[in-house]
Amino acid sequence: MKVILTELAEETLQEITDFLKHKWTQRELDSLLQDYYAFLSSLDDKIIKPRVYKTFDRKIHYALIGKKQVTIFFKFESEHTIKILLFWANKKNPSLLKNLLKK
């Protein structure tokens, strides 16, 4: 499975990892990254299917990682390609999320 990270996904992942490095311990950062890599691994194992994950709207799906503190928003571009749209720290204002996902 080919995984494409949008520029926004790269920025939001960097923002979250920087926050964890600064405010928390390496353990929390490792937990987030382990969950992210497990998510990517499940793509390779063809475990993830559009109907398995909850949807934000008809095309955008999401999964929780990092002890449910972070949400990955993604969509299936094709049977073999997934596009990760952004990573969202769940304590942020949800109205901001809606604006980001509309882009």
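Since every read-out is calculated from the coordinates, none of them should be taken as a lab result. Predicted model only: the values in this text are computed from it and were never measured. Neighbour counts are summed over all protein chains in view; Cβ atoms, including those assigned to glycine, are modelled from backbone coordinates with ideal geometry.
Arrange PHE73, PHE87 by Cβ neighbour counts within 10 Å, fewest through most, would you?
Ranking PHE73, PHE87 by Cβ neighbours within 10 Å, fewest first, gives PHE73, PHE87.
Helix-derived [θ] at 222 nm for the chain: sum -39500 (n - 2.57) over DSSP H runs of at least 4, divide by residue count, nearest 500?
Dividing the helical sum by the residues of the chain leaves -14500 deg cm²/dmol.
Compute the signed sum of charges (Lys and Arg +1, Asp and Glu -1) over the other residues within less than 15 Å, Cβ to Cβ, of LEU29.
In short, -1.
Once you list every other residue whose beta carbon is under 10 Å from the beta carbon of GLN69, what net charge do they have if Lys and Arg are +1 and Asp and Glu are -1?
Cβ neighbours under 10 Å give a net charge of +1.
Mind sorting out which of [x] 15.4, 46; [y] 13.3, 39; [z] 21.3, 72 is the real Rg and Dmax of the Cα atoms in Å computed from the coordinates?
Here the calculated entry is [y].
Output the 0 to 90 degree angle, nearest 10, between the alpha-carbon long axis of helix 26-44 and the longest principal axis computed from the alpha carbons of the chain.
Taking the Cα atoms of the chain, the angle to 26-44 is about 10 degrees.
On full extension of the chain, what length is gained from LYS98 through LYS2, given 0.36 nm per residue of separation minus the C-alpha to C-alpha distance?
My answer for the length gained is 32.0 nm.
Take LYS68 and GLN26, extend 7 Å from each Cα along the Cα→Cβ direction, and tell me the distance between the two endpoints in nm.
Rounded to a tenth, the inter-label distance reads 2.9 nm.
List, in order, the whole-Hz ³J(HN,Hα) value for each residue of the stretch 3-18 obtained from phi through the Karplus relation with A = 6.51, B = -1.76, C = 1.60 and θ = phi - 60°; use x for Gly and Pro.
My calculation for the stretch 3-18 gives 10, 10, 9, 6, 4, 5, 4, 4, 5, 6, 5, 5, 4, 5, 5, 4 Hz in order.
Given the C-alpha centroids of the stretch 1-41 and the stretch 86-103, what is the distance between them in whole angstrom?
Using only Cα atoms, the two centres lie 16 Å from each other.
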